[in-house]
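Peer 1: Could you have a look at this structure, given as structure tokens, before my questions?
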Amino acid sequence: MGTARMKRLPVLALLLWVCAMFYVGIYLFVGGFLLVRLEVNKSSSCSDSLPPGTGTQDFCPVEPRFRRAVVLIIDALKIDFARFDSHNISPRPFENKLPVLEEMKSSHPAHSRLFAFRADPPTTTMQRIKGFTTGSLPTFVDVGNNFASSAILEDNLVHQLGEAGKRVVFMGDDTWESLFPKKFHRSLPFPSFNVKDLHTVDDGILKHLYSTMEGSEWDVLIAHFLGVDHCGHRFGPNHPAMADKLTQMDRVIRSVIERLQNDTLLVVMGDHGMTDSGDHGGESLKETDAALFFYSPTPTFPPTLSQAEPEVVPQTDLVPTLALLLGVPIPYSSIGQVILPFFPEESQASGVQTYLSQLEALWINAKQVNRFLETYSHIAKDIPPESLSMLREQFSFLLAEYSGMVKEGQAASPTLVTALQSYLTAVRNVCRATWAKFNPLKMTAGILILTTSCLLCLAMSEMSEMVRDSFMPWASLVVGAFVGGTVAAGQQGSLGYVDIAWCLGAAIFFSQLLFIWRLCCAKDNGGGGARDSGPRQTGWRILPTLSIPLLVLALRCTSLLSDSYVIAEGRVATFLLLSLSFYIPLHLNWDGLLLPFSPESQKAPGLLPPPPLPSSVIRRESLILLACLGVLVASLYLSLFFHNCREEQGTCDPSPFLLPLARVQDSRLRNLHYVLSVVALAAWNYLLYWWLRHYGNLNSPGPAAFTARWPLPLASICAGLYWAVSSTPEETFRGLAELIALALVALPRIAFAFLGLGTTLLWLSPLTVFLKPRQVACPQGPTPLPRYRASTGVSPEAELRHLIPQLYQRMRRSLEDGEPSGSPEGHSGPAMEAYGLGTVYSAPLVLLTGLLGLGLLLLHSEGMALAFLLLLLEAAALLHLHASSVTLESLQGPQKEVFSVPWVSVLLWDLAATQFFHATGHLPTFPSIQWDAAFVGFPKGHVGTLLPGSLVTLNTFSSHILFAVGCPLLLFWPLVCEVRALRQGHGASKEDAVMEMRLRERPQKFSSALVQLAARCFFIKGAQVLASVLAAAILRRHLMVWKVFAPKLMFEASGFVVASVFTLIAFTLVMRVDFAVSGMFKKLIPEHSR
């Protein structure tokens, strides 16, 4: 035994440093690309005289148009729900369910009006509340705050109502309580984030709504209903439950109208719409267009001709309209425009009070917006000077026109009204364009660091042995820390604050420069760091030669700059994966290595040394390769049936397997889906169990084998029972409601507990090796065999000989003084038999993948069990395809000692992760996020946001996680499968069949192989992140940037972070196994013989 050991800690430190490079690059770019706008911390007041002022108050008339208001917010009330078609004799569940709106419009046209209420994306509830209370535009990055609503600091309508002494009573979605803490006269919040709960919030509101209206302790009543939104998330709009919810809302509106007084305005509105699947968050018209309905017991609106389609009103316009109608100041930062039908064309008297005319309301509105524009432009300095100059000139013209009209006592000019509307629209457009602002310097720095990170990974993959020996990042880390600290000190001294992004960027960039400089110096010196790599090499190559796999990667990255390819990414990834998988047999066939049926069919003798394997073995490997290719093609084809659809894909229909079983109305179809899901779950467990048993890993009495025997199957049983309970319709077993509710909590938590226990046991004791002293066979009986054989197809006696690794032969000889190396095996002294030692590294990885896969499956709908089974089959096919190609390529000469995973296999592995991201129903869009995952085991919601956010993240990036954990298997699988080939070879040395112990016997090359594999994985993933970053930067003014490229960037960057973390976990597990194997050897070999 040698004394060399694998460099575990330095290798992990190097990989952590590589990940940190990418993280900092992403952080810098995102910080420059997704900046939030600057908030103006000023408030309007009744005493304000808006510039150019006349010394009189512009806000707060003596008597407002309405003294009270009732605001009913029906979450996700899309405009389609509010339409009524009397000729529709077969309405869908969401059609014609709000007839009260049409009745009021028809019978009282001067009292009511329906608008299409258009939201600005992102169409998530918290951002919409901010929009229609502040009158401003939330930015794209605010979508990340939907899990953690923070208080609104900008001036807003709720604040102004409170300052004016109006008693605001709120009831409903508890998001309001976090956005407006201590702002309400009375508040009745109810938990909101449990999308499976259709009734708690609505029923809670109805207990208090009517009694509150009949009392006198309120001026403005806000009620936020959530049942329609939750019904959409859980069942979709085309479900009977949606009809029930909308019918309930119709009754609510009727009851509220009956209780209205003459001085009260009723506002019924949705905050956003929903897609055909019930989701929202994006910017399609189905998501942005909600309903907005006004009603007053007194005539309010001028007569108008009936319109086929409601007029479209931006959500920001509600704020100035309600402010002027209720007699409070318009919030300072509002850029909304008053809704003109509320105001008469000429001033009209009501008693002694004159209501604002359209021109007067628009002029107050324009002066308020101009004040905000001037304040913001002085603070932020980011509005383009030409745009600002144009707006100022436009306002100066309006000022002159309005002043002249008032001075001369002229009637309101329609032309001036139109000009004021144009000015307000222009301000909103300029602000919308400006707040999609970018920091080019940070974006450039992020791109630079990501580019150098990719180049470093590429160089490390080609110079892994040199990096392993001489280039651990300690010096780079020290230099980087020094530079980062210097930048921080300089910022603190000159600016008075520290921008952590620039400190991290400087630290990483200078550490990269040092690393690159050392690599170049080593290259010039001939690669002196590789001490054990054989003859000294003089031609170290930093970058790889161009090959078909790298060209495919370049094509994949280039496609990310096209919105059409991003929209069709699921199909594109499937095509690239299929094409590249066919490249392997075609390449082998081009080299004459596929199916050589006779020695004569080989290349001419003398050109190459004779192949180390006979033709029978080669034919077997070729057939296995082609069979695996067939399994891969079948898996890819079947996985297409599990894809979701983007809104841009038009007639595409999402997979029915994406629906939770509770949403499947046909009972027979629901039962069929359940049976298929359970069968797929059982197959997942059986395949894992069979593989571990086949290679002898279940002989071990240790915790790892115990995990495969008990926690994994028990967790699967809990999962199957949970699916059965959760798919039960609510009306089926009403008498067992409490028991079902308990099962919905207990079953998934028990399953997670079993999986957590198994993962913990696997980490504490990862070895799946069974050791026992070898017994000498005697004539009276056969040698006792373990329960599980380690392989099949050979006799027990031959199996025992194969299961004595060469390493243990050396151990035996080292313990027996003077034994000849060629001593017959039958007369040897005591020796150890080791079952499962040949798969000592891969078995824990396979088991961990099985545990994680089952846990991630629980976070998906039941139908995804079939998709996860296809994922397992595809991964196995790719591994065997890789192993067989490596075996066949060994025909070109003697087997190489360098353990290297080719680019084509690593790229196939990564494409499979992307392909199954789509094949599990996910898309790089916010509406496609499967929020139900947050409530698996927690149907009543969560106290904090960390756990639900983590569950949704695990659900979204399940395929990234599983393929990241399985990444090291690409290194081990050819070694696992090589025994099969060598046993068939005539004359092959039995002592050479040591499988994964070949890596253990060469610890330095083991370290190099791990570094190279990790570097190639990070390069491929990092290149795609870089391509997404470049697409977002280059196309930042593109029409589809916020709809396609920005979400793709967010998902690609998040996917890289998640995948890299689990890749590090997988490589750490390999180190943990290696440490455990070293401990086992220390116990077996006496101290004096080491």
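Peer 1: When the residues of the range 440-463 are filtered to those that are buried (at least 18 other Cβ atoms within 10 Å of the Cβ) and among the polar types (S, T, N, Q), which remaining residue is farthest from MET390 (Cα to Cα)?
Peer 2: Looking at residues that are buried (at least 18 other Cβ atoms within 10 Å of the Cβ) and among the polar types (S, T, N, Q), I get SER461.
Peer 1: When you scan the range 1027-1072, how many residues do you find that are in a helix (DSSP H, G or I), more than 30 Å from LEU848 (Cα to Cα) and either in contact with a Gly (Cβ under 8 Å, 6 or more places away or on another chain) or of a type outside the set (A, V, I, L, M) (or both)?
Peer 2: Of the residues in the range 1027-1072, 6 are in a helix (DSSP H, G or I), more than 30 Å from LEU848 (Cα to Cα) and either in contact with a Gly (Cβ under 8 Å, 6 or more places away or on another chain) or of a type outside the set (A, V, I, L, M) (or both).
Peer 1: Output the qualifying pairs, or none if there are none: Cβ atoms under 6 angstrom, residues six or more apart or on different chains, first residue in the range 376-396 and of a type in the set (S, T, N, Q), second residue open to solvent by less than 40 Å² (accessible area, probe 1.4 Å) and modelled with pLDDT under 85.
Peer 2: Short answer, once both residue conditions are applied: SER377/ILE383.
Peer 1: What number of residues within the range 887-901 satisfy the criterion of being in a helix (DSSP H, G or I), more than 19 Å from PHE582 (Cβ to Cβ) and either modelled with pLDDT of 95 or more or open to solvent by 30 Å² or more (accessible area, probe 1.4 Å) (or both)?
Peer 2: Counting residues in the range 887-901 that are in a helix (DSSP H, G or I), more than 19 Å from PHE582 (Cβ to Cβ) and either modelled with pLDDT of 95 or more or open to solvent by 30 Å² or more (accessible area, probe 1.4 Å) (or both) gives 1.
Peer 1: Related question: If you scan the range 1020-1042, which residues turn out to be at pLDDT below 95 and open to solvent by 50 Å² or more (accessible area, probe 1.4 Å)?
Peer 2: Once the filter is applied, which keeps residues that are at pLDDT below 95 and open to solvent by 50 Å² or more (accessible area, probe 1.4 Å), the range 1020-1042 yields ILE1034, ARG1036, ARG1037, HIS1038, LEU1039, TRP1042.
Peer 1: Please go through the range 208-254 and pick out each residue that is in a helix (DSSP H, G or I) and aromatic (Phe, Trp, Tyr).
Peer 2: If the condition is that a residue be in a helix (DSSP H, G or I) and aromatic (Phe, Trp, Tyr), then TYR210, PHE235 are the ones that fit.
Peer 1: Does ILE257 qualify as being in contact with a Leu (Cβ under 9 Å, 6 or more places away or on another chain) and either in a helix (DSSP H, G or I) or under 20 Å from GLU95 (Cβ atoms) (or both)?
Peer 2: Yes: the conditions hold for ILE257.
Peer 1: Looking only at residues that are in contact with a Leu (Cβ under 6 Å, 6 or more places away or on another chain) and part of a helix (DSSP H, G or I) in the range 399-418, which one is modelled with the highest pLDDT?
Peer 2: Of everything passing the filter in the range 399-418, VAL417 is modelled with the highest pLDDT.
Peer 1: Next question. Given the condition in contact with a His (Cβ under 9 Å, 6 or more places away or on another chain) and either over 29 Å from ASP932 (Cα atoms) or among the basic types (Lys, Arg) (or both), answer yes or no: does some residue in the range 657-669 qualify?
Peer 2: So far as the range 657-669 goes, yes, one or more of its residues are in contact with a His (Cβ under 9 Å, 6 or more places away or on another chain) and either over 29 Å from ASP932 (Cα atoms) or among the basic types (Lys, Arg) (or both).
Peer 1: From the list VAL201, VAL143, VAL100, pick out the single residue that is open to solvent by less than 30 Å² (accessible area, probe 1.4 Å), assigned to a helix (DSSP H, G or I), among the hydrophobic types (A, V, I, L, M, F, W, C) and modelled with pLDDT of 95 or more.
Peer 2: The conditions single out VAL100.
Peer 1: Given the criterion hydroxyl-bearing (Ser, Thr, Tyr), within 35 Å of the chain's Cα centre (by Cα) and under 25 Å from TYR355 (Cβ atoms), identify the matching residue among THR288, THR316, THR321.
Peer 2: On inspection, the qualifying residue turns out to be THR316.
Peer 1: Residue under question is GLY336, and the condition is that it be over 23 Å from PRO122 (Cα atoms) and either among the aromatic types (Phe, Trp, Tyr) or modelled with pLDDT of 90 or more (or both); does it hold?
Peer 2: Spelling it out, it is not the case that GLY336 is over 23 Å from PRO122 (Cα atoms) and either among the aromatic types (Phe, Trp, Tyr) or modelled with pLDDT of 90 or more (or both).
Peer 1: Sticking with this one: Scan the range 902-909 and tell me whether some residue there is buried (at least 21 other Cβ atoms within 10 Å of the Cβ), of a type in the set (A, V, I, L, M, F, W, C), on the phi < 0 side of the Ramachandran plot and within 16 Å of the chain's Cα centre (by Cα).
Peer 2: Looking through the range 902-909, none of the residues is buried (at least 21 other Cβ atoms within 10 Å of the Cβ), of a type in the set (A, V, I, L, M, F, W, C), on the phi < 0 side of the Ramachandran plot and within 16 Å of the chain's Cα centre (by Cα).
Peer 1: Which numbered condition in (1) modelled with pLDDT of 65 or more; (2) open to solvent by 60 Å² or more (accessible area, probe 1.4 Å); (3) farther than 28 Å from VAL904 by Cα is the only one that LEU546 fails?
Peer 2: Checking LEU546 against (1) modelled with pLDDT of 65 or more; (2) open to solvent by 60 Å² or more (accessible area, probe 1.4 Å); (3) farther than 28 Å from VAL904 by Cα, the one that fails is (3).
Peer 1: Here is a further query. Which residue, of ASP263, ASP276, ASP271, ASP244, is charged (D, E, K, R) and open to solvent by less than 10 Å² (accessible area, probe 1.4 Å)?
Peer 2: ASP271
Peer 1: Report yes if TYR722 is assigned to a helix (DSSP H, G or I) and open to solvent by 50 Å² or more (accessible area, probe 1.4 Å), otherwise no.
Peer 2: So TYR722 does not fit the description; no.
Peer 1: If you don't mind, there's one more thing I want to ask. What about ASN685, is it open to solvent by less than 60 Å² (accessible area, probe 1.4 Å), in contact with a Pro (Cβ under 9 Å, 6 or more places away or on another chain) and under 28 Å from VAL846 (Cβ atoms)?
Peer 2: In short, yes.
Peer 1: Going through the range 373-423 one residue at a time, which ones are closer than 29 Å to VAL40 by Cα, over 51 Å from the mean Cα position of the chain (by Cα) and open to solvent by less than 50 Å² (accessible area, probe 1.4 Å)?
Peer 2: Residue satisfying the conditions is TYR402 alone.
Peer 1: In the range 374-398, which residues are assigned to a helix (DSSP H, G or I) and aliphatic (A, V, I, L, M)?
Peer 2: ILE379, ALA380, LEU388, MET390, LEU391, LEU398
Peer 1: Next question, about the same structure. Exactly one of these conditions fails for GLU283: (1) in contact with a strand residue (DSSP E or B) (Cβ under 8 Å, 6 or more places away or on another chain); (2) under 12 Å from ARG118 (Cα atoms); (3) not aromatic (Phe, Trp, Tyr). Give me its number.
Peer 2: GLU283 satisfies every listed condition except (1).
Peer 1: Continuing with the same structure: Look through the range 285-300, keep the residues that are among the hydroxyl-bearing types (Ser, Thr, Tyr) and farther than 23 Å from ASN96 by Cα, and return whichever of them is least open to solvent (accessible area, probe 1.4 Å).
Peer 2: Filtering first and then ranking leaves THR300.
Peer 1: In the range 568-592, which residues are touching a residue at least 24 places away in the same chain (Cβ under 8 Å) and open to solvent by less than 30 Å² (accessible area, probe 1.4 Å)?
Peer 2: GLU569, GLY570, ALA573, THR574, LEU576, LEU577, LEU580, SER581, ILE584, PRO585, LEU588, listed by residue number.
Peer 1: Something else: Pull up the range 8-45, narrow it to residues that are open to solvent by 30 Å² or more (accessible area, probe 1.4 Å) and small (Gly, Ala, Ser), then point me to the one that is farthest from the chain's Cα centre (by Cα).
Peer 2: SER45
Peer 1: Whether any residue in the range 531-540 is modelled with pLDDT under 85 and among the aromatic types (Phe, Trp, Tyr) is what I want to check.
Peer 2: Yes.
Peer 1: What residue, among those in the range 726-742 that are surrounded by fewer than 19 Cβ atoms within 10 Å (Cβ to Cβ) and in contact (Cβ under 8 Å) with a residue 12 or more places away in the chain, is farthest from GLY702 (Cα to Cα)?
Peer 2: PRO729
Residue-wise test of (1) free of Cβ contacts under 8 Å to residues at least 24 places away in the same chain; (2) on the phi > 0 side of the Ramachandran plot; (3) assigned to a helix (DSSP H, G or I); (4) among the hydroxyl-bearing types (Ser, Thr, Tyr).
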site: SER635; (1), (2), (3), (4): no, no, yes, yes
site: ASN644; (1), (2), (3), (4): no, no, no, no
site: THR651; (1), (2), (3), (4): yes, no, no, yes
site: ARG670; (1), (2), (3), (4): no, no, yes, no
site: VAL678; (1), (2), (3), (4): no, no, yes, no
site: LEU687; (1), (2), (3), (4): no, no, yes, no
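Peer 1: For the range 902-953, enumerate the residues that are farther than 25 Å from CYS557 by Cα and in contact with a helix residue (DSSP H, G or I) (Cβ under 6 Å, 6 or more places away or on another chain).
Peer 2: GLN930, ALA933, ALA934, VAL936, GLY937, PRO939, HIS942, THR945, PRO948, GLY949, LEU951, VAL952
The values are calculated or read from the model by the stated rules, or taken from the named source; none is laboratory data. Treat the numbers as computed from the prediction; the structure is a model and nothing was measured. All Cβ positions, even for glycine, are placed from backbone atoms using ideal geometry, and neighbour counts span all protein chains on display. Ligands, DNA and RNA are excluded from the accessible area calculation, which covers all protein heavy atoms including side chains. Shrake-Rupley method; radii C 1.70, N 1.55, O 1.52, S 1.80 Å.
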